[in-house]
Amino acid sequence: MEILMSITVGVLFMVGTYMILTKSILRVILGLMLMSHGAHLLLLVMADLKAGAPPLLGEDATAFSDPLPQALILTAIVISFGVTSFLLVLAYRTYKAHQTDDLEKLRGTADE
Amino acid sequence: MNSLVVLPVLLPFLVGSILILLVKRHALQRWISGITMTALLVLSIILAVVVYQDGIQISELGNWEAPFGIIFVADMFATLMVVLSSIVGFTCLFFAFRTIAPVREKYYFYPFYFFLLTGVNGAFLTGDLFNLFVFFEVMLIASYILIVHGSTNYQLRESFKYVAINVFASLFFIVGVAYMYAATGTLNFAHLAERIDEMEQTGVLNVIAILFLLVFAMKGALFPLYFWLPRSYYGPPAAIAALFGGLLTKVGIYAIIRMFTLVFNHDPTFTHNIILALAGFTMFFGVLGAVSQFDFKRILSYHIISQVGYMVMGLGLYTQLAIAGAIYYIAHHIIVKAALFLFAGAAQKITGETHLKKMGGLLGSHPVLAWMFFITAISLAGIPPLSGFFSKFALILSGFEEGRYIIVTVALIVGLLTLFSMIKIFMYAFWGERKHTEEQSQMKIGSVLLPIVPLVALTIIMGFAAEPIFQYSEAIAAELLEPDVYINSVLKE
């Protein structure tokens, strides 16, 4: 399971990197989203995947999974959700103001 | 449970939330912000005094003990940074009252101003790696909004790049946290330090250390990751640019110093030499950027980069004197840099320009502005007896003691070039032929300059009272180089 998840993380990072390097604003945002999903999954994988055990330790519990990474991922997902929605609005406003989504054209002049 | 430690984080957060509700009432917003900021300044000074007298203060939220619960730790370094952030926040806020356009005030300027301070203070005071991430995000989200606030075309274009690079850095922060948790099984700073001390394997730790260095270097604008800074700090109005220039990159530097004295002190010959090399390149390329520019705000932005290099140089040398010099330098830099950005804002308010070749003769029409700028500028360049001299002196002296002649040479050359570019601003903008209209030169700017006076006074005081302030910095450096004190007071062993 860990191996499979590690490969998934790797693929997410790979696709994300490719998309960040493109010129379109929207693709850059999608790339950042995919990479943050990759980072969140990595956090889960790094803390040992366990199947079938709740993150609770009762009196007679035989197995439990570590609750900390789950709490961390939840926080990180919420943050990345907020930031992504802001980024989308910002990209839309940038597009409206400059009438282009091509980052090459959004470079600005050299003497600025 | 010591609630004084949490207050510098809670107070701006609560007030920011309340201000959202009062967004239509400008005068009330200003009154509340002014009073809160004063209270925050007083509070942070009280906290610093308490910590100086009684040692490290800790607040365990919900009374969960240290490695399990979320904790806030106020040691001398953290409290010094909180005091500095309050000073800069205070002056920039009062400067904003005078200069910020009413339309910007209407769109939630003050709430986000306080949320930014919440994030900054939280990042300084937290004792937990993941909480550091959270407070970084609080700070960054507020900064995204402030940097694009006003939505001019330039701001929209450059803010997108600023946001993208910071989102990218943050996701590597999560990756770093994940690796750290896998390697050590904890995220509490003190607990991490203890576990890492026991670990035999330094190879994997070096990888994690470099990953964190990458993350914080992106936020703190170290070579070669500083490219986003000059353009994005050019866009927003002066009060925001000053707050950013003074504070934001320094949060990254604070995190680097904290991590590489407390947690990653296992292999200084590897990590700290990399930091030292980065410091040299950062200083040199930053100052070259400044020399090549002809725009008031851009020169200042490039100087942020070169001066971040000095701070990191102190960490790279890793002796008590060097770290004390770096801390003195951070204090000096935050104050002076904020003041210089505010002067740029004042000059822009008079002439409507920030390009040096379109300015001139401000010395004739506004002598007070000109001389106050001159004092601050030569303080930045490191002319005695102002604060810039003593901090650089300590850094260079310890460089000689350690026999690191290359970095010392670079630092001295950079100092000279800093002086050159500051004089360039003074010659073009303040000397020379008057290029603004008669009406503009009659403009009264006393009320704009008043909030900057405390900053100028502080750089003079820090120069003349160098002895006690340097002793304070040395105490902080000693505390940073003795992580056991921190660990023991957090884990109560």
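Brief remarks follow.
- Boolean, B:Lys337 is in contact with a Phe, Trp or Tyr (Cβ under 9 Å, 6 or more places away or on another chain) and among the basic types (Lys, Arg): no
- Of note, B:Tyr328 satisfies the criterion of being buried (at least 24 other Cβ atoms within 10 Å of the Cβ) and not aliphatic (A, V, I, L, M).
- Residue count for the range A:17-33, restricted to those that are open to solvent by less than 50 Å² (accessible area, probe 1.4 Å) and either among the charged types (D, E, K, R) or under 16 Å from A:Leu87 (Cα atoms) (or both): 8
- Here B:Ile70 meets each of (1) closer than 24 Å to B:Thr261 by Cβ; (2) open to solvent by less than 30 Å² (accessible area, probe 1.4 Å) with one exception, condition (2).
- Filter result (more than 10 Å from chain B (Cβ to nearest Cβ) and modelled with pLDDT of 90 or more) within the range A:55-76: A:Leu74
- Enumeration of residues in the range B:464-484 that are under 13 Å from B:Ala394 (Cα atoms) and buried (at least 18 other Cβ atoms within 10 Å of the Cβ): B:Ala466, B:Ile469, B:Phe470, B:Ser473, B:Glu474, B:Ala477
- Within the range B:73-134, helices (runs of 4 or more DSSP H) holding 1 or more residues that are out of contact with any helix residue (DSSP H, G or I) (no Cβ under 8 Å at 6 or more places or on another chain): B:102-106
- Matching residues in the range B:159-182 - criterion: being open to solvent by 10 Å² or more (accessible area, probe 1.4 Å), under 22 Å from the mean Cα position of the chain (by Cα) and facing another protein chain (nearest Cβ under 7 Å): B:Ala164, B:Val167, B:Phe168
- Subset of the range B:334-370 that is among the polar types (S, T, N, Q) and within 26 Å of the chain's Cα centre (by Cα) - its residue that is surrounded by the most Cβ atoms within 10 Å (Cβ to Cβ): B:Thr354
- Of all the criteria given as (1) assigned to a helix (DSSP H, G or I); (2) more than 30 Å from B:Phe95 (Cβ to Cβ), the one not satisfied by B:Arg258 is (2).
- Among residues of the range B:138-158 that are free of Cβ contacts under 8 Å to residues at least 24 places away in the same chain and more than 7 Å from chain A (Cβ to nearest Cβ), those with a Cβ under 9 angstrom from a residue that is open to solvent by less than 10 Å² (accessible area, probe 1.4 Å) and part of a helix (DSSP H, G or I), sequence gap 6+ or separate chain, pair up as B:Val138/B:Leu116; B:Val138/B:Thr118; B:Val138/B:Gly119; B:Val138/B:Val120; B:Val138/B:Gly122; B:Val138/B:Ala123.
The values are calculated or read from the model by the stated rules, or taken from the named source; none is laboratory data. Just so you know, these numbers come straight off a predicted model, no measurement behind them. So basically every Cβ, Gly included, is an ideal-geometry build from the backbone, and we count neighbours across all protein chains shown. Accessible surface is based on the protein model in full, side chains and every heavy atom, while ligands, DNA and RNA are left aside. Shrake-Rupley method; radii C 1.70, N 1.55, O 1.52, S 1.80 Å.
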